[in-house]
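Asker: Starting off with a structure, shown below.
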Amino acid sequence: MADYILRVYTDVFTGKATLSAPLPGGNRGIYIADGMATIRDDRCGATLSANSAWFSTDDTTVTAGADGARFLRYELVAGDIKDSDGLAQGDGVTSTHKLSAAVDLEPGGGYLWRCDRVDIPPSGIAYTHVHQGPGIRCLLEGGFKVETGGETHVIAAGEPWFEAGPVPVLAYAPDDKPGNFSRTMILPRSLKGKSSISYVHEEDKDKPKRQKYTIFLDQFIEI
């Protein structure tokens, strides 16, 4: 096993802004949180609207639509690469590093890159659970509380957090707000198209689950 870094940036583009240089090749997923953009790599391109996602391992260019755009850009890189090296550049482009987390992965191994969205209604609960791989989440709207490792973290809209996978987590939305978030996880390939969640307590397994999942990317990757 070796150290890799899973990280997320927020990129904000004004209307029709474009990158001054392509984002360099590597395992990368872009979730469009607001607006519209045209994204291209060495193979193809697409114009995407809010609540959609793009994956590529190639050099990638991004141009915002007339009304601008805001992205969450998730990347998996070697452990010795600086976070500042990942900032997007261009006139009308503001790039902010939000979070990086070290993850242990097998070099030369194959994994599954999952980018999805989880929507939890007000007072909804994600009962104590684990996942089969690490991941970064970013709250899109509402509020959220995450209890893990004996600590409680209060998450505000726009803030990210990391979950290691095998460490139990209890999470819930407040009574007056949803807890809707974007998520990217690195999972075993055997989970393609399947849920990665397992509930820790037997009594929680059959309780009604109010959260909704939307998978945008379930992409096999090599590292």
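Asker: Does Pro107 qualify as being of a type outside the set (Ser, Thr, Tyr) and at pLDDT 95 or above?
Answerer: Judged against the criteria, Pro107 is not a match.
Asker: Among the candidates Asp80, Asp85, Asp91, which residue alone is over 21 Å from Phe55 (Cα atoms) and modelled with pLDDT under 95?
Answerer: Asp80
Asker: Continuing with this model, one more query. For Asp206, all conditions in the list (1) outside any strand (DSSP E or B); (2) surrounded by 12 or more Cβ atoms within 10 Å (Cβ to Cβ) hold save one; what is the number of the exception?
Answerer: Asp206 satisfies every listed condition except (2).
Asker: Scan the range 77-119 for residues that are touching a residue at least 12 places away in the same chain (Cβ under 8 Å) and among the charged types (D, E, K, R) and jot them down.
Answerer: Hits for the range 77-119 are Asp83, Asp91, Lys98, Asp104, Glu106, Arg114, Asp116, Arg117, Asp119.
Asker: Could you pull out the residue among Gly79, Gly65 that is touching a strand residue (DSSP E or B) at 6+ places or on another chain (Cβ under 8 Å), surrounded by 17 or more Cβ atoms within 10 Å (Cβ to Cβ) and farther than 15 Å from Gly25 by Cβ?
Answerer: Matching residue, one of Gly79, Gly65: Gly65.
Asker: Ok, one more. How many residues, within the range 71-114, are over 18 Å from the mean Cα position of the chain (by Cα) and not aliphatic (A, V, I, L, M)?
Answerer: Total satisfying the criteria: 15.
Asker: Which residues, taken from the range 34-57, are closer than 13 Å to Phe13 by Cβ and touching a Ser or Thr at 6+ places or on another chain (Cβ under 7 Å)?
Answerer: Matches in the range 34-57: Met36, Ala37, Thr38, Ile39.
Asker: So Asp58 passes all but one of these: (1) of a type outside the set (Ser, Thr, Tyr); (2) farther than 17 Å from Tyr31 by Cα; (3) in contact (Cβ under 8 Å) with a residue 24 or more places away in the chain; (4) not in a strand (DSSP E or B). Which condition number does it fail?
Answerer: For Asp58, the failing item is (2).
Asker: Which of the following residues is more than 18 Å from the chain's Cα centre (by Cα) and assigned to a strand (DSSP E or B): Ala53, Ala33, Ala46?
Answerer: Ala46
The values are calculated or read from the model by the stated rules, or taken from the named source; none is laboratory data. Every value quoted in this text rests on a predicted model; they were computed, and no experiment measured them. Quick reminder, even Gly has a Cβ in these numbers, built from the backbone with ideal geometry, and neighbours come from all protein chains shown.
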